[in-house]
Each structure stands twice: as structure tokens, then as C-alpha cells.
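As C-alpha cells, the structure follows; a few thoughts come after it.
What follows is calculated from the coordinates using simple rules that are stated; it is not laboratory data. Quantities reported herein were computed from a predicted structural model and do not represent experimental measurements. All Cβ positions, even for glycine, are placed from backbone atoms using ideal geometry, and neighbour counts span all protein chains on display.
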Amino acid sequence: MTEKDYKEALAGMMRDPEQREAFAQVLVEFLQPGHLTTEIMSLLLNTRALTAGDVLVKKVRKGIQVRTLVPGAVHLASEITINDRINFVLDGADVKVTYNEWELERGEIGTVASISAEMKNKLRDYFVTKVFTALTTIWTAVNTPLNYIAMGGAVTAGALQNAIDRVNLSSTGAKVIIGSRAAITPITSFAAFFTDAATGTTGWDPALIREIYQNGWLGRFYGVPVVAIDQVYDYPDTYIPLVPTDKILVIGDKVGEFITYGDVKTKQWVDNNPTPPQWLLELYQQFGMIIDNAQGIYVLGQIS
């Protein structure tokens, strides 16, 4: 085959969208950016995926009472009341990309399927980061010193115990201690040690020491699971971390809820006004979040 024949055959293949995508998949191998996992979201808040038409209002049912039974008496009936306590206010997230068709045909940016998959991952990153940021900024030293402490250094045993005690009092119980691995790792410096209240002497648990040496960290502290989020970065060249390293959260059970409303919607079209035409792909989705027991969240901030 001559060079001319090869170019003509290649040009013919590029006119077929299916063959063009297949060829681009072979030509281009992308180093994928890091992404946050959906499991992190469920650790932070309860999550639900609602469909169009689902009720967005949280209701409270009251009035059901238990009374002492008196034989032969006609007992009072309690009237049930329903109150609309709080409702989700929906917001929208949108991710949209564009490229001219010449570069698309040459496989410069990969296949449409691979681009769409990465866009969905970015949308998920956005949701997780938004929730984590909202929870870490819900309390400050100004609005409540009861649920916030500025560490000014690494986390300490006393501060973490106080946080767990506070969350246990203001919720049904602390369910997780969570933060970046950089912020969580110092827990290993004190989690395996204890102080005898009677003698004031400090000891250590050999089993816990072995667990630290084998796994690099402990799974629980003060009865609460410890979750370290491995740091991920947006792209290998910009190297921007997605997980804050200066905060640790102690979160109680059922403190709030995150919802997505409806499926991820997709639009794909070609703008023929410019030359060459411009290809566009857009993904968007509605979401909402309610924190209905902020007292069940404790923030350990300014960790370094």
C-alpha cells in the first residue's frame, strides 16, 4: 500500500463515527486523573437517589402516646398530627466540554465514551468535595466552641476524645472519625497507649501496636471507626489535592442526608457555525443536602 492509499483509507475510516472512535481508542491512552469513591459520601451522610416525582419534604408525625390502662374505662385517643419539618432545596451541577471536530477525528481527546465516563467521575468528585467542605465548615470557633477546636498542630488524644464525647451526647452515637490520611495518621501515636487512672502510669496494648506496624494505622479509636481518605489529585501535571488535609470530622449517626434527584442528563451536539464545526458534550444533574442535626458533627480544624 502506498502512502497515498494509506491516507485515503484513513480518511475514509475517519468519516465513519464508529470506526473513528475505535481508532481513537487505539491511538490514545490517557493517564486518568484520580477520583474520590462514592463510598466516602455514604460515610459522611445518608444518601438516596430520588426520581422525578418523589417527595422532597421531610415530615414529622406526632401525637402517638401510651397511657396507663384502667380496666373498664374508655381511654382517650391521641390525635395524630403531621408537620412538614424541612424540605430539600435542589441545586444543579453541570459539566460541559467542547472540541473542534478535526481534533476529535484525529483521536486527540479519545473516544466520546471515555470522555463521558470521566465527566461522570468529575461530577461525583464535585458532590463528595461539596459535602465534605460543607461539613468541615459548618462549625467554627466563632459560632460554637462546643463543636469545634483549632488544633494548631497534629490531632491529640484529649481533643479527639472530647469530640467523640460531644457527638455521643448530641446524636445517637458517633459513627466515624474521618479525614485525609495525612491528618488521621498521627492518631497512631497515641491510640495504642492508655493511662491507668489509679496509678497514673502509661501502658500500651501489644495487639494494637502490632496492628499499627502491620497496617500503618488503627481501625478504631475510643470505640469509633477511623477512616483515612487516601489523597487523590486532579491531574498528574497540576497535582492539586482533592481532600483537605487540615481538618478531621467526627460524625454522628443520622445527622443529615444527601440526595440526587433524577438521572444524570446528557446533551451532545455539533455547532456548525464555526469552521471546522465544534463538538459539545454536556452532563447535568440535580442534587440537594440537608443537615438536620448539626450538633452531631464535630470539627477538629487547623491541623498541621
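Given points 7 Å out from each Cα along the Cα-Cβ axis, report the T266 to A117 separation in nanometres with one decimal.
That separation, rounded to one decimal, is 1.2 nm.
What is region 33-303 by shape, rounded, prolate or oblate, if you read a ≥ b ≥ c off the alpha carbon gyration tensor as root eigenvalues and call it rounded for a/c under 1.5, prolate for a/b larger than b/c, and oblate otherwise? Walk me through the intermediate numbers first.
Details: a/c = 2.88, a/b = 1.26, b/c = 2.28.
Since a/c reaches 1.5 but b/c is at least a/b, the shape of region 33-303 is classed as oblate.
With only Lys, Arg, Asp and Glu charged, each at its Cβ (+1 for the first two, -1 for the last two), find how big the charge dipole of region 33-303 is about the Cα centre; round to the nearest 20 debye. Show your work: numbers first, answer last.
On the way: 22 positive and 26 negative charges, 225 e Å.
For region 33-303, the charge dipole is close to 1080 debye.
Before anything else, pin down the relative contact order of region 33-303: Cα pairs under 8 Å, at least 6 apart, normalised by residue count, whole percent. Kindly include the intermediate steps, with their values, before the conclusion.
Working: 463 pairs, mean separation 83.7, N = 271.
Result for region 33-303 is 31 percent.
Quick check on my link table: of K130/K175; K96/K247; K62/K265; K59/K267, which ones sit more than 28 Å apart, alpha carbon to alpha carbon?
Where the Cα-Cα span goes over 28 Å, the pairs concerned are K96/K247; K62/K265; K59/K267.
Show me the ranking of peptides 154-165, 75-86, 290-301 by mean Cβ neighbours inside 10 Å, starting with the highest. Working shown, then result.
Numbers: 154-165: 17.6, 75-86: 10.1, 290-301: 20.1.
Sorting 154-165, 75-86, 290-301 by mean packing, highest first, produces 290-301, 154-165, 75-86.
Using the Karplus curve 6.51 cos²θ - 1.76 cosθ + 1.60 with θ = phi - 60°, work out ³J(HN,Hα) for each residue of region 265-270 in order, rounded to whole Hz, and write x for Gly and Pro.
Result, ordered by residue: 8, 10, 10, 9, 7, 10 Hz.
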